[in-house]
Amino acid sequence: MAEKPLNVGLIGLGTVGSQVAGRLMTAQAQLSRRAGVELCLKRVLVRDLKKRRGVEIEPDLLTLDPADVLEDPAIDVLVEVAGGDEPMRSYLERAIAAGKHVITANKVVMAKHGPELLDAAVGKNVDLYFEAAVGGGIPLISTFRTDLQANRIERVSAVINGTTNYVLGRMAAAGLSLSQAVSEAQAAGYAEADPTDDVGGYDATYKLAILASIAYEIKVRPDEIFREGIEGVEPVDFRYARELGYAIKLIAHTQRHPGRVEARVHPAMVPLEHPLARVEGAENAVFVEGDLVGQVLLVGQGAGGRPTASAVVGDLIDLARSIRRGVQSRPSFSFDDRIGVVPMGEVVTRAYYRIRVDDRAGVLAAIGQVFAEEGVSISSFIQKDAWSQDQTVELVVTTHPSLEASLQRARVRMAALEPVHAVSSFLRVF
Ligand SMILES: NC(=O)c1ccc[n+]([C@@H]2O[C@H](COP(=O)([O-])OP(=O)(O)OC[C@H]3O[C@@H](n4cnc5c(N)ncnc54)[C@H](OP(=O)(O)O)[C@@H]3O)[C@@H](O)[C@H]2O)c1
C-alpha cells in the first residue's frame, strides 16, 4: 500500500454525505485495501456546526470555511454531496483550479456546467467523477465510460425519477389523484416538501442532459430538452391506458438522428410488454441501445443515501487506484459542439387524446377531418359511455407516428370545435 494517505475533503453531511462519511470511517481498512492507499476523511464543510448528524463524527473535522476543503494543499480529493447550482459550481471550479480531483453527486451542476468542468479538469490533469449525479446507485456513467465505449449509442430511454414513478404507480394502482399520491409519497419519504422539481420533470431533465451528453459526447443543456411534468395526468387516463395495453410513466428519452439528437422528458404511455413499463415504486431503469451491444437494461435504486453513497465511494476507490498508478484509468470525454437538439415540433411520436364532446351526430366526422387535414392517421378510436347529466361522451383516440407539430395543431383545432367541450388529456405514446 502507498505510504501517503489520500486525503478527502467532503462538502455536505446530509442524507448522502453522512452515508459517505460513515462508510469511509467504518470500512476504512477494507476500502483502503481495495484502493491500494489509505483513504482519510480530513475535513467536512457544512453550514451548521451544531446540527445533529446521521453519523458520529469528530467535531474537529467539521468546518464552516470553504477554503478548508477547497484550498488546503493537504486535501487531494474534494467530494461534493451538498447540491444546488451556486455556490457548488464555483467550489468545484476552485477545487479543480487548486489541482484537486473532484467527485460530485450534483446533477444540477453537472447538467448545466459538466462539459466546462470536465474540460477544466483535463486542463489541470485531474479527474472529475460524477457517477452519483444520475441514477443514484445504478452504475450508469461508468457503464457508458468503460463498458459501452466501443459502441455508437443510438438511444437511451429511462424512468429516471423515482418520486414520479412512485406517484404514477399509486395513481394507477389505487386510483389516487395526483395530489393524494404526492402526499402519500411525501409521507413515505419519496418526495420533497416542495415536489416541483420531480413532478414538473426538472430533475429528470437534468439527468437526461447528463446522460445524453455522455452517451453522444455532445453538450446537451437542460434548457434544450423538451420538458413536460406529470401535472396533467388524471386517474381516468390510467384506466384507459390499461384498456389499451399501456402503463403511464415519466419517460426521459434521447435518440440519435443524422447530425442531431432528440431529447425529451414527458409522461408517456408505455406498452405493458416494454421493460420500462414494469419499473415499480421508486426504482429507476435505463434502457440503452448501442450498435454493437444491442439493448442493455440497467435497473436499481436511483436515490437514497446508501445507494448514492455506494456510487460516490466507488468513484473514490476508482480514482485512488488511478492516482496510485499515475494514470487516468478511464478515458476522458471530448464534446462535439456541432450537434444540436431536434426542436420538439419536428419529433415524430404517437399520441393519445382524451376528448369530451357533445353526444350528437357529426362530431366524429368533424374530429376525423381535423386529423386528416393535419396528416395525422388514427390508430384507435374508442367512444366511452355517455355522461347522463350533460349528454357528453368521452372519446379516446390514439394515433400512428406523426409530427409533434401536427399533433399539437390537431389538439388546438379540436378544442376549438363547437361540439368539443375539452381535449382533457394529451399524452405521447412510447
Ligand atoms: N438524497 C438522494 O437520494 C440523492 C440521490 C442522488 C443524488 N443526490 C445528490 O446528492 C447531493 C446531496 O443530497 P442530499 O440528499 O444528501 O442533501 P441534504 O440531505 O440536503 O444535505 C445537504 C448537505 O450539504 C450541506 N450544504 C448545503 N449547502 C451548503 C453550503 N453552501 N456550504 C456548506 N454546506 C452546504 C448541508 O449542510 P448542513 O447540514 O449544515 O445544512 C447538508 O449537510 C445533491 O446534489 C443531490 O442532488 C442525492
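The values are calculated or read from the model by the stated rules, or taken from the named source; none is laboratory data. None of the values given here were measured: they were computed from a predicted structure. Cβ coordinates were reconstructed from backbone atoms using ideal geometry, including for glycine residues, and neighbour counts include every protein chain displayed.
Picking from HIS274, HIS253, HIS257, which residue would you name as being surrounded by 23 or more Cβ atoms within 10 Å (Cβ to Cβ) and under 18 Å from ARG428 (Cβ atoms)?
Details: HIS274 fails: surrounded by 23 or more Cβ atoms within 10 Å (Cβ to Cβ); HIS257 fails: surrounded by 23 or more Cβ atoms within 10 Å (Cβ to Cβ).
Just a single option satisfies the conditions, and that option is HIS253.
Test ALA252 against the criterion of being at pLDDT 95 or above, farther than 20 Å from VAL156 by Cβ, within 16 Å of the ligand (Cβ to nearest atom) and not β-branched (Val, Ile, Thr), and give yes or no.
On the way: at pLDDT 95 or above: yes; farther than 20 Å from VAL156 by Cβ: no; within 16 Å of the ligand (Cβ to nearest atom): yes; not β-branched (Val, Ile, Thr): yes.
Against the criterion (at pLDDT 95 or above, farther than 20 Å from VAL156 by Cβ, within 16 Å of the ligand (Cβ to nearest atom) and not β-branched (Val, Ile, Thr)), ALA252 does not qualify.
Within the range 279-300, the set of residues being of a type in the set (A, V, I, L, M), at pLDDT 95 or above and not in a strand (DSSP E or B) comprises VAL279, LEU292, VAL293.
Any idea which residue in the range 125-141 is nearest to GLU80 (Cα to Cα), counting only those that are within 16 Å of the ligand (Cβ to nearest atom) and assigned to a loop (DSSP other than H, G, I, E, B)?
First, the residues of the range 125-141 that are within 16 Å of the ligand (Cβ to nearest atom): 128-141.
Retained after the next criterion (residues that are assigned to a loop (DSSP other than H, G, I, E, B)): 130, 134-140.
Details: PHE130: 10, VAL134: 14, GLY135: 17, GLY136: 14, GLY137: 16, ILE138: 19, PRO139: 18, LEU140: 19 Å.
For the range 125-141, the residue satisfying everything is PHE130.
The set of residues from the range 374-403 being at pLDDT below 95 and of a type in the set (Asp, Glu) comprises ASP385, ASP390, GLU394. Annotation: LEU297 fulfils all but one of (1) closer than 27 Å to ALA172 by Cα; (2) surrounded by fewer than 15 Cβ atoms within 10 Å (Cβ to Cβ); (3) in contact (Cβ under 8 Å) with a residue 24 or more places away in the chain; the unmet one is (3).
Within the range 145-203, count every residue that is loosely packed, with under 15 Cβ neighbours inside 10 Å and aliphatic (A, V, I, L, M). The total comes to 6. Residues in the range 233-278 that are assigned to a loop (DSSP other than H, G, I, E, B), small (Gly, Ala, Ser) and out of contact with any Leu (no Cβ under 6 Å at 6 or more places or on another chain): GLY259 only.
Within the range 142-204, which helices (runs of 4 or more DSSP H) (wholly inside it) include 1 or more residues that are more than 17 Å from ILE248 (Cβ to Cβ), out of contact with any Pro (no Cβ under 7 Å at 6 or more places or on another chain) and among the small types (Gly, Ala, Ser)? I'd like the intermediate steps shown before the answer.
Values: elements: 162-174, 178-187, 196-199.
In the range 142-204, the matching helices (runs of 4 or more DSSP H) lie at 178-187.
Exactly one residue out of LEU92, LEU78, LEU140 is surrounded by 24 or more Cβ atoms within 10 Å (Cβ to Cβ) and within 20 Å of VAL37 (Cβ to Cβ), and it is LEU78.
Restricting the range 96-120 to residues that are of a type in the set (A, V, I, L, M) and without any contact (Cβ under 8 Å) to a residue 60 or more places away in the chain, the residue that is nearest to ALA35 (Cα to Cα) is VAL102.
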